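Report on the structure given below.
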Amino acid sequence: ATVALDEVQLFLGSQSDFRIPCRYNQATKKMEFTLYGQGSHLELLVVWSSAVWTTGAVFSFEPPRIVKIAPPEAAICCGAPQYTTLQIFFEEVPNTTAVLSEFDYDASVLVGEQSGFRDPSKYLDVYIAKDNITRASLCLSTAFAKTQIVMPDGSLLGHAPQWTRATCELHAAALTDIVALLRVYDALLPDGRADKKTLNLQTKASGLLSYTPPTLSTPATPYNLGTLDSRVIELKGSWLASTSHLASEGARIHGYEVIVDPGGQGSTALCSGEDVKTGADGSWMHCTIRRCLNISYMPKVPNLRLHLGDLESRAVTVNAITFPQPVIEDFFLKDGDTVYDVGKQVFVFKGQHFGHLQCPGETDDTVYLVGYPSGATIRFGNLEAPCRILQQSDEYIECEVEDLIMSGREYTSDGGVPKVVRRAEQSISFSVGQNLIAENSDPTSVRQNLPPLDVWVKMRTCPNGQRRKMEHLAECVACPKGRWTTVDEEEWPLRCNSCPEGTYQDEVGATACKECPANTETREGAADLLDCVCKPGYYSPYLNVTSGGTASGTACVACHSIDLTQQPLKTDNCATGVPVAELCDTHSEATCVNEAPPAIAYRVCKAYCPGGTVWPKAKGTFWLLSNKEGSVGERGLTRYEPVFMRCDPLEACRPHNKCEKMYTTVGCGQCVWGYWQDRNNICNPCGAEQVLGLIIMCALVVGVSVG
């Protein structure tokens, strides 16, 4: 049959979908058309009269883009209405004016019953949910606006759909992370599907929509949680919606949660879930406070923060509640009357608002404040010794302190030796948790007749001869050897005194030191008799002939005694050329001593005694001949006496039994080779004649010996 091209119609999808404007171009001998529509996998159809041809051409349109949602913040409140009407604006959708211009303003193309342009919601709708396409959409239906078609001559053709703008009835919800997606018509989906639409993830839009969070306001008078008659309190606010009207699928929490926010660690829920009931007008809520609240980290006046599902109030609420400060009416030592500075001691505190160590098992309508896990915080003294909680209720506490309460010494800025403190008044710090301090020590408290948190502390002492093992321990130990103490000493009981010089102590637990033997000395803290050795100018007569030293721990003899000194010669010049000393303890200089002061009776030292365990040494002009053995004395030791001689000539002997270079033998009484001795026993160097004579004499002696 002959087909009139101007009678041919083109459709996308089906004849009930999109009619495509087309025209025959006489110049090019081609059919020209413009595609308008929306959806995926739409087949191009040719229709003439009642005949329909499929072309095999399939087209899919780019999905629209959501560019705006108004209002961007959806109000949720406060019962009915449960829905908010949103306006949603699109780009890249069919344009009504453009379509009509292609059809020369054939309005039936847009508004006719068989026109796909008539109902955009068949091809598009908005899907709104929390961050996941598997959740139920908060947008119940999508409706597109219509606009009046005005012809060029001013006539009205009726109303056509406005594809660029739609409305959505949004369900009230307590959600964040809202995403908006488009569902787009897809011709390939099975006919049995209810709405032949599929989600197009490329159109996902986030950040375009949020819900108004609820807010709490500050009450005229804060609730003191320590004086409540009931666990139910009323809090005022705005946007306090009923949870029965809210969508909350996927929300972080279910319903409301009022958080006590200390500003750091340790936040806790004041009430939540079924314990929160809101008013019909959304301006108030009843909060049934949890039976037990952990106040370990709470300040006296904490902040409140409100959560609803995912939503959180934009600001904290201040001065809504307060926690009671503990009040101590009495405290005492459980056993005994004296508080010591160290050692296990149990204290009892009585009063109010101490809180509980753990949540009680009662089921009454009381709010219990709990200080778990440590309970109240109690510290004693300037060293802040902790008192470990043994029992705790709201009105009674037993705690045990074991560590050192006060410092045992008083330190001063002058750097001197710190004084031992045996008794001092010490303070007690008491708080519930970390921040609720006792009213007794709170300068802002207006309470009267509360006992001050002070206690007199006494240092634990030790018996005579003992000291504290360590300052922070109560255990006593005996003073070690070389030390001693009594209860009258300044350093008792923290330290034992060292034995002073000239004394020793060879036993533990001593209350005094032992004197060293006569004319001996020791270093400070000597712990044995053998630490006592001779003073300079003295010697022990108990000589060890093998080692050459003397025995320590024995009485010593003076080097300036009659036996070890002699009457001076005229050449000794005592007090004029030779110094006069009290002791014979110098090494090289000739020394005189006065035998009977204040009278003058000089004597010359034969020996010098350096002290310690050294045997007397000969001074210059003297010679140590022998050590004369005597009787048995102390500790079964044998006494010895040194025997000295005066050298002749005097200058022949140097100190310590040494001769000048021209003298030799005992007492330096002979001359060495090359020297001869005159009548005064002085050695002189030999001349040539004396040397020749000596040689001849030696030769004769040798010859006679050989013959």
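The loop-placed GluC sites (Glu not before Pro) in region 534-609, going by DSSP, that have at most 14 neighbouring Cβ atoms within 10 Å of their Cβ come out as 582, 589. With one equal scatterer per alpha carbon and no solvent term, the Debye-computed log10 I(q)/I(0) for region 309-402 at 0.11, 0.17, 0.24 1/Å reads -0.44, -0.82, -1.26.
Order these peptides, 423-429, 544-550, by their mean beta-carbon neighbour count within 10 angstrom, highest first. Numbers along the way, then the final one.
Values: 423-429: 15.7, 544-550: 12.9.
Descending packing order for the listed peptides: 423-429, 544-550.
Averaging 1/r over each pair of different alpha-carbon atoms in region 594-639 and inverting the result gives 13.4 Å, the Kirkwood hydrodynamic radius. When +1 charges are put on Lys and Arg Cβ atoms and -1 charges on Asp and Glu Cβ atoms, the dipole computed for the chain relative to its Cα centre reaches about 1600 debye. Across region 422-491, the relative contact order, built from alpha-carbon pairs under 8 Å that are at least six residues apart, equals 26 percent. Where the alpha-carbon atoms of region 442-568 are placed on the principal axes, they occupy 95, 32, 19 Å, in descending order. Cα convex hull, region 88-174: 111 Å³ per residue, rounded to a whole number. Modelled label positions at residue 684 and residue 458, each set 7 Å beyond Cα in the direction of Cβ, lie 9.4 nm from each other.
Placing unit charges on the Cβ atoms of the charged side chains and taking the dipole of the chain about its Cα centre, the candidate lying farthest along the positive direction among 82, 262, 618 is 618.
State the percentage of accessible surface on region 232-375 attributable to carbon and sulfur atoms; use a 1.4 Å probe and exclude ligands, DNA and RNA. Don't skip to the answer; put the middle values down first.
Numbers: 2900 of 6220 Å².
Using a 1.4 Å probe with all protein chains present, region 232-375 comes out at 47 percent carbon and sulfur.
Of the residues 70, 671, 418, the one whose Cα sits farthest towards the positive end of the charge dipole of the chain is 671 (charges of +1 on Lys and Arg Cβ, -1 on Asp and Glu Cβ, taken about the Cα centre).
Judged by the mean number of other Cβ atoms found within 10 Å, the most tightly packed of the peptides 647-653, 552-558 leads the ranking 552-558, 647-653.
Any idea what the dipole of region 215-335 comes to, in debye rounded to 20, about its Cα centre with Lys/Arg Cβ at +1 and Asp/Glu Cβ at -1?
Values: 10 positive and 13 negative charges, 27 e Å.
Roughly 120 debye, rounded to the nearest 20.
Remark on region 125-284: ratio of C-alpha radius of gyration to 2.2 N^0.38 Å is 1.53. Of all DSSP beta bridges confined to the chain, the antiparallel ones make up roughly 90%.
With charges set only on the Cβ (+1 for Lys and Arg, -1 for Asp and Glu), what does the dipole of region 414-540 come to about its Cα centre, in debye to the nearest 20? Present the calculation step by step, with values, prior to reporting the outcome.
Values: 15 positive and 19 negative charges, 55 e Å.
With only Lys, Arg, Asp and Glu charged at Cβ, the dipole is about 260 debye.
Stokes-Einstein D for region 416-471 at 10 °C, 1.306 mPa s, Kirkwood Rh over Cα pairs, in µm²/s?
Values: Rh = 14.7 Å.
The estimated diffusion coefficient comes to 108 µm²/s.
Projected over all directions and averaged, the alpha-carbon convex hull of region 386-501 occupies 11.0 nm². Within straight-line reach of residue 196, meaning a Cα separation under 14 Å, sit the following aspartates and glutamates at least 8 residues removed in sequence or on another chain: 17, 125, 186.
Run through region 143-209 and list the trypsin sites (Lys or Arg not before Pro) located in a DSSP loop whose Cβ has at most 13 other Cβ atoms within 10 Å. List each step's numbers first, then the result.
Details: sites: 146, 165, 183, 193, 196, 197, 204; in loops: 193, 196.
Here the sparse-neighbourhood loop sites are 193.
Per the Kirkwood definition applied to all pairs of different Cα atoms, how many angstroms is the hydrodynamic radius of region 603-685? Don't skip to the answer; put the middle values down first.
Numbers: mean 1/r = 0.0708 Å⁻¹.
By the Kirkwood definition, the hydrodynamic radius is 14.1 Å.
Across q = 0.20 Å⁻¹, region 1-112 modelled as identical point scatterers on its alpha-carbon atoms has Debye log10 I(q)/I(0) values of -1.15, in the order of the q list. For region 46-192, the convex hull spanned by the alpha carbon atoms encloses 172 Å³ per residue. Over the residues of the chain, the helix contribution to mean residue ellipticity at 222 nm works out to -1000 deg cm²/dmol, using -39500 (n - 2.57) for each DSSP H run of at least 4.
Can you tell me what percent of all Cα-Cα pairs in region 268-309 are more than 16 Å apart? Of all Cα-Cα pairs in region 268-309, 45 percent lie more than 16 Å apart.
Taking loop as defined by DSSP and a crowding limit of 15 other beta carbons within 10 Å, which trypsin sites (Lys or Arg not before Pro) in region 641-686 fit?
Loop-located and lightly packed - 661, 679.
Each distinct pair of alpha carbons in region 517-652 adds a 1/r term; the inverse of their mean, the Kirkwood radius, is 15.5 Å. Which of the residue pairs 535/628; 334/469; 334/481; 481/619 have a Cα-Cα distance greater than 32 Å in the structure shown? Among 535/628; 334/469; 334/481; 481/619, the Cα-Cα distance tops 32 Å for 334/481; 481/619.
Counted over the chain with a bin width of 20 Å, the fraction of Cα pairs per bin, in whole percents, is 12, 19, 15, 13, 13, 11, 9, 6, 1, 0.
Note on region 56-104: Cα-only Rg and Dmax are 17.7, 55 Å.
Heavy-atom accessible area for residue 396, with the other protein chains in place and a 1.4 Å probe, reaches approximately 70 Å². Using a probe of 1.4 angstrom and keeping all protein chains present, the accessible surface of region 133-210 works out to 50 square angstrom per residue.
For 469, 419, 570, the ranking by accessible surface with the largest value first comes to 570, 419, 469, using a 1.4 Å probe.
The values are calculated or read from the model by the stated rules, or taken from the named source; none is laboratory data. The structure presented is a predicted model; accordingly, all values stated were derived computationally and were not measured. For neighbour counting, all protein chains shown are included, and Cβ atoms are generated from backbone atoms with ideal geometry for every residue, glycine included. All accessible areas refer to the heavy atoms of the entire protein, side chains included, with ligands and DNA or RNA removed. Shrake-Rupley method; radii C 1.70, N 1.55, O 1.52, S 1.80 Å.
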